[in-house]
Amino acid sequence: MTQDPNARSEIEPTEVGANAAETGERELHDDHDVTADHEVLHEGLDFATVAGMGHVASELDPDAPPVLTIDNLKMYFPVKSAGVVRRTIGHVQAVDGISFEVPKGGSLGLVGESGCGKSTTGRLITRLYKPTGGSMMFDGHDLAKLSSREMKPLRRDVQMIFQDPYTSLNPRHTVGTIVGAPLEVHNIVPKNQVLKRVQELLEVVGLNPEHYNRYPNEFSGGQRQRIGIARALTLNPKVLVADEPVSALDVSIQAQVVNLLQDIQNEFDVAFLFIAHDLAIVRHFCPEIAVMYLGKIVEIGDRETIYGRPHHPYTQALLSAVPDVKQAAIGGRRERIRLEGDVPSPINPPSGCRFRTRCQFAQEICAKVEPPLLQIGSRHKVACHFAGELGAHPATPVTTDLLGVDDQGTPVPGATPTNTQLTIPGYEKTWYDLTTKQTAGA
Ligand SMILES: Nc1ncnc2c1ncn2[C@@H]1O[C@H](COP(=O)(O)OP(=O)(O)OP(=O)(O)O)[C@@H](O)[C@H]1O
Ligand code: SF4
Ligand SMILES: [Mg+2]
């Protein structure tokens, strides 16, 4: 699909909207009942079942070039003292040196517990926040370094879909104004063609184009999220950051909205950073997943690896709580892995590995040395000194030679650290084989 905004009208809106109809949520074309999306149609079924009725899971294209390259990205929010003279007394290390790539037309899932930095990452990419450090390369520009004025022409390329369809739409504006405003601000089409384009977009997302003059409160939750999606699509973006786009919706509506996002991805060749708590939804939508903990990426890889053979104790614990994936993820065992204690404060995170205060495998080295995000497979990286499948975590750290330290994490005099993969955003053709402790791959 071309990215030329003027080519939008070439899109046959019903191609995408029709799938919403198949799955049952397409808005009723009854003037008296716009909110009656068919929320009871799939009652009682789980997400995977309902989503599978419409679409197969998204596929990975390993040859897709990156559309967005995030390198060592940081966001530290200052913490101020109370009183008249408010001094900075610390920083919330919300995002602390994360690196990844979002492939063109692909989707990377970002998962992790509340407060680990997912939304902050999304807000950095859309430049709602200016990063403390790092780079965000998009189309030859480093979004991290641009001024607000320099960002303006690029804002249309990186758009956001918000979590809450109730608060993210201005209740005093009609749907036509909400969806059409970006077209006018960015002068995308002549004024007399805005309505036509808005109606096309409403049809693309499975809404009745005649309802452009209605207000958000006349629509149901699923329909409002469709309006939010239409708004995000208005400027023909290349990257969409979807921050928990369906978590406020009923499970049957979730599947329909996710299916719509898949259609849109295929039709418009748009890449997604897909942020979600729900690991079943992420598995369906994202062929590649990054797991965050306390501002860091602790594991990243393709779907089959992350859900079938996770190597980080945190990923293993997260997955053990998901009924339909836990058996594969935790070596066929049935019980849930319970994480002890609370997530530590990002103002003063633990030394070494940030997960160590809750990790059942933690040893001395974990407090002394931060584990590098090490590539251990063709599309798999993990940050753990004792990386291994559940039940097969090694007894001695796998990272000592790479870091030039002994098993307790003490630097070995004269040792030369050999790890060179600390901050590379994508994947190398070669990787570190945990079994042989040698370089493997092509
Ligand atoms: N504007 C801000 N000022 C100060 N601290 C912030 C700000 N925004 C986020 N934080 C802090 O940064 C950390 C990461 O927050 P963030 O919202 O990115 O987490 P999240 O992973 O999206 O969580 P959730 O799953 O609950 O949405 C949290 O400790 C949060 O309190
Ligand atoms: S580095 Fe140590 S504390 Fe961190 S996850 Fe691995 S074993 Fe646990
Ligand atoms: Mg969030």
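The values are calculated or read from the model by the stated rules, or taken from the named source; none is laboratory data. Bear in mind that the values here come from a model prediction, so they are computed numbers and not experimental data. We place every Cβ from the backbone using ideal geometry, glycine too, and count neighbours over all the protein chains shown.
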> Looking at Glu200, Glu218, which one is of a type in the set (Asp, Glu) and under 21 Å from Val258 (Cα atoms)?
Replying inline: Glu200
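So that you can scan it fast, the table gives a plain yes or no per residue for (1) buried (at least 17 other Cβ atoms within 10 Å of the Cβ); (2) within 16 Å of ligand 1 (Cβ to nearest atom); (3) at pLDDT below 95; (4) under 15 Å from Tyr293 (Cβ atoms):
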{"position": "Glu340", "(1), (2), (3), (4)": "no, no, yes, yes"}
{"position": "Ile347", "(1), (2), (3), (4)": "no, yes, no, no"}
{"position": "Thr400", "(1), (2), (3), (4)": "yes, no, yes, no"}
{"position": "Pro417", "(1), (2), (3), (4)": "no, no, yes, no"}
> When both residues are 6+ apart or on different chains and their Cβ atoms are under 6 Å apart, which pairs have a first residue that lies in region 379-390 and is more than 15 Å from Gln360 (Cα to Cα), and a second that is assigned to a loop (DSSP other than H, G, I, E, B) and more than 16 Å from ligand 1 (Cβ to nearest atom)?
Replying inline: Arg379/Tyr427; Lys381/Leu373; Val382/His311; Val382/His312; Ala383/Pro371; Ala383/Leu373
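Away from ligand 3 (no atom under 16 Å from the Cβ), buried (at least 17 other Cβ atoms within 10 Å of the Cβ), assigned to a loop (DSSP other than H, G, I, E, B) and on the phi < 0 side of the Ramachandran plot: is that true of Ile365 in this structure?
No, not satisfied.
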> Taking region 163-189 only, how many residues are touching a Gly at 6+ places or on another chain (Cβ under 6 Å) and either closer than 20 Å to Val102 by Cα or away from ligand 3 (no atom under 16 Å from the Cβ) (or both)?
Replying inline: 0
> If only one of Lys130, Lys191, Lys196, Lys152 is surrounded by fewer than 17 Cβ atoms within 10 Å (Cβ to Cβ), within 16 Å of ligand 1 (Cβ to nearest atom) and of a type in the set (Lys, Arg), which one is it?
Replying inline: Lys130
> Is it fair to say Gln265 is closer than 30 Å to Pro66 by Cα and at pLDDT below 90?
Replying inline: no
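Let's see how each residue does on (1) at pLDDT below 95; (2) more than 10 Å from ligand 3 (Cβ to nearest atom); (3) of a type in the set (Lys, Arg):
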| position | (1), (2), (3) |
| --- | --- |
| Met75 | no, yes, no |
| Lys80 | yes, yes, yes |
| Gly83 | yes, yes, no |
| Ala94 | no, yes, no |
| Ile98 | no, yes, no |
| Glu101 | no, yes, no |
| Leu108 | no, yes, no |
| Gly117 | no, no, no |
| Arg123 | no, no, yes |
> When you go through Ala242, Ala181, Ala248, Ala230 one by one, which is the residue that is in contact with a strand residue (DSSP E or B) (Cβ under 6 Å, 6 or more places away or on another chain) and either within 25 Å of Leu128 (Cα to Cα) or β-branched (Val, Ile, Thr) (or both)?
Replying inline: Ala242
> Which residues, counting only those in region 377-389, are away from ligand 2 (no atom under 11 Å from the Cβ), of a type outside the set (D, E, K, R) and surrounded by 22 or more Cβ atoms within 10 Å (Cβ to Cβ)?
Replying inline: none
> Which number in (1) out of contact with any Ser or Thr (no Cβ under 9 Å at 6 or more places or on another chain); (2) surrounded by 14 or more Cβ atoms within 10 Å (Cβ to Cβ); (3) in a loop (DSSP other than H, G, I, E, B) marks the one condition that Gln163 misses?
Replying inline: (1)
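One line per residue, one yes/no per condition, for (1) outside the structural domain of Leu235 (by TED's automatic domain parsing); (2) touching a residue at least 12 places away in the same chain (Cβ under 8 Å); (3) under 24 Å from the mean Cα position of the chain (by Cα):
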residue: Gly115; (1), (2), (3): no, yes, yes
residue: Gly176; (1), (2), (3): no, yes, no
residue: Val185; (1), (2), (3): no, no, no
residue: Ile188; (1), (2), (3): no, yes, no
> Can you tell me which residues in region 271-295 are at pLDDT below 90 and within 14 Å of ligand 3 (Cβ to nearest atom)?
Replying inline: His277, Asp278
